Every structure is written in structure tokens, then in C-alpha cells.
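Notes follow the structure.
The values are calculated or read from the model by the stated rules, or taken from the named source; none is laboratory data. What you see is a predicted model, and the numbers here were worked out from it, not measured in a lab. Using ideal geometry, Cβ is built from the backbone for each residue, glycine included, and neighbour counts are taken over all protein chains shown. Heads up: the accessible areas ignore ligands, DNA and RNA and are worked out on the full protein's heavy atoms, side chains in. Shrake-Rupley method; radii C 1.70, N 1.55, O 1.52, S 1.80 Å.
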Amino acid sequence: MTVDRTKDHAGWKWDNSYARLDDFFYSRLQATPVREPEWVKWNEPLAVSLGLDVDALRSEEGAAIFAGNRIPEGAEPLAQAYAGHQFGHFTTLGDGRALLLGEQLTPSGERMDIQLKGSGRTPYSRGGDGRAALGPMLREYIISEAMHALGIPTTRSLAVVRTGEPVIRETALQGAVLTRVAASHLRVGTFQYAAARGTVDHVRALADYTLHRHFPAAVTADGESPYLTLLQEVIKRQAMLIAQWQLVGFIHGVMNTDNMALGGETIDYGPCAFMDTYDPATVFSSIDTYGRYAYGNQPAIAGWNLARFAETLLPLLHDDEDEAVKLAEQAVGGFAELYEHNWLMGMRGKLGIWNAEPEDESLIEALLGLMQTYQADYTNTFRALTTDQLEGSVLFETPEFAEWHKLWQERLTRQPELAEVSRQLMRNSNPVYIPRNHRVEEALAAAVDEGDYSVMDRLLAVLTRPYEYGGDPDATYTEPTRSAQPYRTFCGT
């Protein structure tokens, strides 16, 4: 392992606050070097926003950094410890194949984690090899960048580097390392680890750190306990995030507590996918046998996860346990209302509705019910309503839809905004393009099996402009042909 001395001209500006916490929360170690680091993907716009020198890092030395063979001067690699409920069962976890290099201070004043994923074994690997396969790393790159373009808070992908070494799963696969960028990697599971394995002082130290990093206004605010404010602010961000998922038909697939980031970003793109045909019971993950993390269950699971977070904070909320429980229950109990508010506002936007009427929710639910009954495509239904091109779907030919459409048009007349203003709201709320599952699979197959990244590049070019109306949509990004076999995703390893 060597230290890269290109700090000045590469643009690194490290300030590693997490590394200054007690080492109870992490283990310091180095990445395991790989045989032949080779560039695969390099996110230049993201690199520029981070203050990095694109040309200096687009090199063999840069590939060595993002494979873990070289450590930039000023970085302090560590693997974070955490726990979590996985499909409802609690276990101790940690970064089993990831290393946090450190925190980059950006030109805009943000603090961003730079993490290598697939960089080798750690003390938390639990018998795993600590490596990652090329396909799942490219998948995270595609989906996370698409989510960013959709305006949904998310971790992002800076680089993918092939290792030149195989990873052994059912078969031998190409190895790769993904560089992930995040506002932080603080999770509900981080607090669960502190509460289960540490002391109240550990929980307090972690809470103070989280407040300073993500909610600094709460540190100096008068009145309520900063720890109650921490809980309330995390709940607010999650209520917004999950509503945004639902509005675009995104299914995370593995909403374990260790995959809920306290900063409010979408994290861990394993068996995730986007819904085609509207159905709240949609599940893609091959391991979600009972549909715990189905599309329609995501809001309730988020509430459940937040309750687990609140439990870790009880000793900080009040000296009296009963009062602490009461405060926590009140805070978590408000999640459902916050979520419903955000979702309803978003759905109004998807239908061009600016003001609020009590009957709006029933109007929306009626449309969703028809979409489910007639197996309509979620994204394309709203796109068709936006463009007023009601064709290509059985739904639009039904008398039930005609009646619903009449009620919707009447609703639009009961607001002061002009028709074109409502139409623009719809264009801003309804994406033309999402990462269609069959197109993602085509891109991954071309890249992994044939070394052809042009398919992925074309897909990314479309996904970075999801709300671009005006031209004829490329037919290759429409919904897939119906198949007797349901689409299945797998946890990326």
C-alpha cells in the first residue's frame, strides 16, 4: 500500500471528522491491493463539483486510488461499525467490503464522504471476501445517477474500476471497486450498534456528531432537547424521501435499518428497481419471499425503522423512561402524517393541481385503482396525462377512465392557475425516462459480457434528462414487453 502524493494538483481537501470519534465506531485499516486496476467509469461532473482535478485523476494513478492501491495524502481509511435489523432480525454488522477514505470539503462548502466499495476484507466481513462484482457496481452507478437526475436525495457514484481479479460467487465474476459519495454514511444501524454494544455516552457522542454534521441549527436552538430535534429532523427527511420514492415508482428492495441514512439520502442500491406495471404488491428482490419490502409497504417499513432509531435515543430524550417513551412515540407517530402530506402534494403535482381540496386524495386513489385493475404502466400513464396523448394503454379506452378523466378536468378548473401553468407542473413532476429494468439489464450485459460500455453510456445520457419533454421519446426506453416470468433482482455482491 502506497500513499499518493498528488494531493495538491488532484484537488483533495480532506477533513476527516468521523475518524476523530472514538474508535469504538470503526476500525482503521487499508484496502487490499488489487492486481490490475483499470478504469471503467469516471463521473467527471461529480468530480468537478467535489473540487477534484479531472485530468489529474483520469490516469493510472487515479485508477490506483479508486481501486484502493494508493491512498491519497490526508485520507484516513476506516471501516465503520454498525448493526441493523435485516428483514426484521437484529444482527451486528459493519462495512464488510467498504472503506471510508475520508471526508472531502467541496468548493461549495459541503462535507462529503468518499468511500470505496469492494475494497477487500474488514473486521466486519463475517467470512466474506470483501470484494464486489462488476455488474452490481455498474448497476449502482446507473441507478444512483438516475435518482440524482430525478431530484431524489441519494448517494452518488464517482468511479468504477475493474480489479483484474475474479470474485467467486456461483461462478467466477469480474471484480470491481465502486467509489461512493455521500453526505455521510451515518445510519439507523450506526445508532443501533452504539446502543447495543456501547454505553449511553457512546450514543450521546454519536448523536452530538450527527447533529453537528447534518442538523447544526438544532445544536444552538433554544427550547427543545437537541436529541428530540434530531429525531424529529430525521423523521422529516425520511418522510420526504420515501414520498419521492413512491412518486416515481422506485422500489429499494432491502429497507433494513442499516440501509436508512440519517442524512436523508437513498443508500445501498442492491436489489432495487423501478416499477413498470402499477401494483402496490410489486417485489423484485429474489430474497424478499414474503414481500416485506414491496412498493406499497415502503412507507410503513420506514416508520418501523424510525421507531428502532427512536429506541436508541430514549436515554437522551428524558431522564424519566416513561416520559422518554412518550416523546419518542409522539415523534414517530407523526411520520405517517408527514409522509402523507408529502405524497399528496407530489401526487397533486403529477396531476397539475396547485391548490388543495378534501376530495383530492380520493381522485388520486381512484386513478391508481384503475391503473392497478387494468395493469397500466405507472410512468407512462402519468406521461400520457401530461402530454394529453391518451393512447397505447387499455386503461384509456375504458368507460371508468373516461369518467375519472372528466372529474379530473373539472378539478383543474377549480384553481386560479392557467392551464399551461398546470401542464408545466406536470412536466416537472412526471419523468419521461426512468431506469427501465430491461434497459438496465441490457446495458449491464453489454458491459460485463462484451466489454461494450456504449449501451450504458447511451442509457445514462437519457437518464440524466428525465424530465425532458418536447421530442419524440426514443422507443427503446418505453415499457418492456410483458413476460410470463417476473423480473427478479439480486443483492449485489
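Of all residues in segment 186-214, those being in contact with a helix residue (DSSP H, G or I) (Cβ under 7 Å, 6 or more places away or on another chain) and either assigned to a helix (DSSP H, G or I) or of a type in the set (Ser, Thr, Tyr) (or both) number 16.
Listed here are the residues, each with its yes/no results for (1) in contact with a Phe, Trp or Tyr (Cβ under 9 Å, 6 or more places away or on another chain); (2) hydrophobic (A, V, I, L, M, F, W, C); (3) under 20 Å from Gly94 (Cβ atoms).
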residue	(1), (2), (3)
Leu173	no, yes, no
Phe191	yes, yes, yes
Ala207	yes, yes, yes
Leu230	yes, yes, no
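Inclusion of Ala221 among residues that are within 23 Å of Gly84 (Cα to Cα) and either surrounded by fewer than 23 Cβ atoms within 10 Å (Cβ to Cβ) or at pLDDT 95 or above (or both) is not warranted. The residues listed here are Leu241, Leu231; of these, the one that is touching a residue at least 60 places away in the same chain (Cβ under 8 Å), under 14 Å from Leu306 (Cβ atoms) and out of contact with any Gly (no Cβ under 8 Å at 6 or more places or on another chain) is Leu231.
If only residues of segment 265-322 that are of a type in the set (A, V, I, L, M) and part of a loop (DSSP other than H, G, I, E, B) are counted, the one that is surrounded by the most Cβ atoms within 10 Å (Cβ to Cβ) is Val283.
The one condition from (1) out of contact with any Ser or Thr (no Cβ under 9 Å at 6 or more places or on another chain); (2) charged (D, E, K, R); (3) surrounded by 18 or more Cβ atoms within 10 Å (Cβ to Cβ) that Glu170 does not meet is (3).
Among the residues of segment 273-291, is any modelled with pLDDT of 95 or more and closer than 25 Å to Asp208 by Cβ? The answer is no; no qualifying residue exists. Of the residues Val181, Val200, Val188, the single one that is closer than 23 Å to Gly263 by Cα, open to solvent by 10 Å² or more (accessible area, probe 1.4 Å) and in contact (Cβ under 8 Å) with a residue 60 or more places away in the chain is Val200.
Report whether or not Ala261 is open to solvent by 10 Å² or more (accessible area, probe 1.4 Å) and modelled with pLDDT of 95 or more. No, not satisfied.
The helices (runs of 4 or more DSSP H) falling completely within segment 326-410 that include 1 or more residues that are open to solvent by 10 Å² or more (accessible area, probe 1.4 Å) and farther than 30 Å from Asn305 by Cβ map to 360-373, 378-387.
When each of Ser49, Ser27 is tested for being at pLDDT 95 or above and open to solvent by 40 Å² or more (accessible area, probe 1.4 Å), the lone residue that passes is Ser49. If you go through segment 225-244 and pick out every residue that is open to solvent by 10 Å² or more (accessible area, probe 1.4 Å) and assigned to a helix (DSSP H, G or I), you end up with 10.
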